[in-house]
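See structure below.
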Amino acid sequence: MSELTREETEALIQEVLEVYPEKARKDRAKHLAANDQSVEQSKKCITSNRKSLPGVMTVRGCAYAGSKGVVWGPIKDMIHVSHGPIGCGQYSRAGRRNYYVGTTGVDTFGTMNFTSDFQEKDIVFGGDKKLAKLIAEIEMLFPLHKGISVQSECPIGLIGDDIEAVAKKGAKEMDKPIVPVRCEGFRGVSQSLGHHIANDSIRDWVLDKRDGQAFEATPYDVSIIGDYNIGGDAWASRILLEEMGLRVVSQWSGDGTLAEIEKTPKVKLNLLHCYRSMNYISRHMEEKYGIPWLEYNFFGPTKIAESLRAIAAQFDDHIKEGAERVIAKYQPMMEAVIAKYKPRLQGKTVMLYVGGLRPRHVIGAYEDLGMQVIGTGYEFAHNDDYDRTIKEMGNATLLYDDATGFELEEFIKRMKPDLVGSGIKEKYVFQKMGIPLRQMHSWDYSGPYHGYDGFAIFARDMDMAISNPCWSKQTPPWKKQPEALEPTEEGDLKKVA
Amino acid sequence: MANIMVGKTAVGAYSFYLPKRDLEDAIVSMEYDSADKWGGEIRLNNGGTYYIEPQALPARFPISLRARRLDAAE
Ligand code: SF4
């Protein structure tokens with residue numbers, strides 16, 4: 001579908017809002033906007049990070065999801081205990097595809113689910129004893145673990161357990177760190193607060209553990225922050241940094257270890273990929289240790305080259321040459337990828353609805369393939385994310401914050417993009433409409449998408465989704481003739497009778 | 001009183017961060033900005049104003065401070 005004008009976009013928003021009762025309409029109107037590049041501050045056009053409206057379908061997660069699932073979970077040599085009833089951990093287990101190397105169950109524990117499995121009696125009498133017992137059992141069964149984090153689920157905060165005291169006592173007994181994290185699901189409006197709480201707990205319980213210890217530093221030490229190694233993303237990023245001459249001391253937190261996290265305060269520069277989930281700790285290190293941080297974007301060759309140059313600009317000529325060498329080395333490979341896929345994808349449109357970073361970070365990668373992003377939105381972004389998005393998106397394109405199931409469906413029905421990039425909850429709704437969808441949370445069981453190697457896979461996947469012949473065999477509901485519908489419905493009814 | 005963080009951007013302007021609400025903004029004006037007297041009333045890009053007890057110019061940025069909210073935007 002061709003571009004909408006500002007008036008058309010605004011009319012579309014109004015039309016979609018019409019079904020809501022007045023109060024809800026007023027509330028939701030603040031979260032939907034037509035992009036206006038002249039606006040410096042996003043808060044003038046869009047409201048974000050507010051409580052979801054009761055009664056609508058939101059796809060947000062909880063603070064526990066933000067802490068256990070995103071920030072802490074991928075740290076592979078620690079055991080992350082989902083403290084509370086069993087469901088929260090079990091239903092989110094291993095779903096995020098944070099790849100790691102190691103022997104699961106022996107020295108790494110990423111895909112396992114550890115839980116205190118609360119029962120009624122633990123709610124009534126408190127679960128501290130159970131937690132202490134669980135810590136002792138972990139130490140006995142998995143002696144090679146490097147530490148434990150206690151990820152609180154909702155009931156822990158409600159019944160007022162003192163997990164800090166248990167953690168301190170247990171840590172002393174086994175001489176390994178135990179980090180209590182107060183990330184109960186009811187805190188905050190989305191998983192975003194969970195990221196913040198997790199960052200704060202790393203700051204308070206982990207980060208200063210090696211202060212004052214000797215460290216063989218080089219002038220080129222950096223850390224990768226906010227890359228969760230989904231499908232191998234961090235690996236595809238890391239090799240580029242190493243090729244240009246930098247030394248990656250730590251990876252947060254995809255394929256990361258406790259030791260790496262503890263050594264981060266020794267680096268010269270923090271490289272921040274997911275701004276939303278880890279800007280907090282970067283700010284802290286900037287203040288306490290004087291380590292500057294830099295946001296970068298490794299999606300698509302244009303942004304990668306921009307980012308590599310920006311990173312190199314922080315170092316001496318040796319690194320600057322290294323960056324140019326890396327860019328030149330991958331240039332032919334990228335040209336080949338674009339030559340192959342651009343003719344097939346040119347002019348296709350995409351609508352995105354993802355978490356807190358990718359709705360703006362992947363725009364460049366689509367543009368490298370000649371595709372156009374006509375609508376984008378975040379589940380749990382804040383104002384500063386939208387500030388950064390406004391510049392990336394075309395004028396009058398649609399922005400939606402914490403979109404409801406209904407809104408997203410209506411927008412996509414009306415704007416008819418060639419591809420939707422969103423999550424599993426959206427996937428089958430749109431595919432049944434005849435619109436291909438790629439999961440942009442987990443890369444749809446593919447990946448990596450970061451870095452030069454990732455772009456080749458990204459381009460192939462997008463082509464595979466869009467050019468699949470099955471979409472032309474399906475008639476989306478809005479294209480079906482009402483007459484044509486009735487007989488089949490009757491036929492179905494008859495069959496049932 | 002709120003905990004805030006005042007930083008300096010690449011171009012040397014002051015920036016403001018309020019961890020509690022995860023609010024990041026530019027500081028458009030600062031009442032006192034000299035070596036021996038720094039702080040006072042600060043005005044944010046979003047229209048909010050805060051008051052930092054006037055003090056000597058901090059040696060390093062970013063720095064965490066206590067500030068009083070005079071007038072929050074929104
Ligand atoms: S909201 Fe509470 S109960 Fe639900 S998944 Fe999150 S921590 Fe568990």
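No lab work stands behind these numbers, since they all come straight from the coordinates. What you are looking at is a predicted structure, and each value in this text was computed from that prediction instead of being measured. Neighbour counts are summed over all protein chains in view; Cβ atoms, including those assigned to glycine, are modelled from backbone coordinates with ideal geometry.
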Amide H of residue A:182 versus every other amide H placed in the peptide plane: which residues, excluding those fewer than 5 positions away on the same chain, fall under 5 Å?
none
Which one of A:110, A:250, B:23 is farthest out on the positive end of the charge dipole of the protein assembly as shown, using unit charges on Cβ (Lys, Arg +1; Asp, Glu -1) and the Cα centre as origin?
A:110
For the Cα atoms of chain A, what angle does the longest principal axis make with the long axis of helix A:482-496, in degrees from 0 to 90, nearest 10?
60 degrees
Net dipole in debye of region A:63-207 [+1 Lys, Arg Cβ; -1 Asp, Glu Cβ; about Cα centre; nearest 20]
320 debye
Of A:340/A:479; A:51/A:348; A:23/A:43; A:68/A:391; A:68/A:263, which sit over 23 Å apart, Cα to Cα?
A:340/A:479; A:51/A:348; A:68/A:391
Mind checking the mean number of beta-carbon atoms from other chains within 10 Å of the Cβ atoms in A:188-200?
1
Taking every DSSP beta bridge with both residues inside chain A, roughly what % is antiparallel (nearest 5)?
10 percent
Over what distance in Å are the Cα centres of region A:278-324 and region A:200-242 separated?
13 Å
Per-residue mean of C-beta atoms belonging to partner chains within 10 Å, peptide A:372-383:
1
Taking A:53, A:399 and counting other beta carbon atoms within 10 angstrom, the fewest-first order is A:53, A:399
Nearest 20 debye, what's the magnitude of the dipole of the protein assembly as shown about its Cα centre given +1 on Lys and Arg Cβ and -1 on Asp and Glu Cβ?
540 debye
Under Karplus coefficients 6.51, -1.76 and 1.60, residue-wise ³J(HN,Hα) of region B:50-59 in Hz, glycine/proline x
10, 10, 9, 3, x, 8, 5, 4, x, 6
10 Å Cβ neighbours from other chains, averaged over peptide A:284-295
2
Rounded to the nearest 10 degrees, the helix A:317-345 long axis (Cα) sits at an angle to the longest Cα principal axis of chain A of 30 degrees
So, in Å, what gap is there between the alpha-carbon centers of chain B and region A:89-147?
43 Å
Residue by residue through region A:78-90, which ³J(HN,Hα) values in whole Hz follow from phi under the Karplus form 6.51 cos²θ - 1.76 cosθ + 1.60 (θ = phi - 60°), with glycine and proline marked x?
10, 9, 9, 8, 7, 8, x, x, 6, x, 3, x, 5
Cα axis of helix A:405-415 to longest principal axis of chain A: angle in degrees, 0 to 90, nearest 10?
50 degrees
Can you list residues from other chains, or at least 5 along the same chain, whose modelled amide H is less than 5 Å from the amide H of residue B:15?
B:7, B:8, B:9, B:27
Alpha-carbon centroids, region A:342-383 and region A:3-23: separation in whole Å:
21 Å
Taking the dipole of chain A about the Cα centre (Lys, Arg +1; Asp, Glu -1; charges at Cβ), the one of A:308, A:59, A:277 that reaches farthest to the positive side is A:59
For chain A: Kirkwood Rh in Å [reciprocal of mean 1/r, alpha carbons]
24.2 Å
Add -39500 (n - 2.57) for each DSSP H run of 4 or more in the protein assembly as shown, then divide by its residues: what number comes out at 222 nm, to the nearest 500 deg cm²/dmol?
-11500 deg cm²/dmol
In sequence order, calculated HN-Hα J values of region A:445-457 (Karplus, 6.51, -1.76, 1.60; Hz; x Gly/Pro)
6, 10, x, x, 10, 7, x, 5, 4, x, 5, 4, 6
Dipole in debye (nearest 20) - region A:355-448, about Cα centre, beta carbon charges: Lys, Arg +1; Asp, Glu -1:
340 debye
Of the listed peptides A:418-427, B:43-52, A:338-347, what is their order by residue-averaged count of other C-beta atoms within 10 Å, with the highest listed first?
A:418-427, B:43-52, A:338-347
If amide H atoms are built 1.01 Å from N in the plane of the peptide, which residues on other chains or at least 5 residues away come under 5 Å of the amide H of residue A:437?
A:420
Exposure proxy order (Cβ contacts within 10 Å, fewest to most) of A:224, A:79:
A:79, A:224
Neighbour counts of other C-beta atoms within 10 Å: give me A:78, A:415 arranged from fewest to most.
A:415, A:78
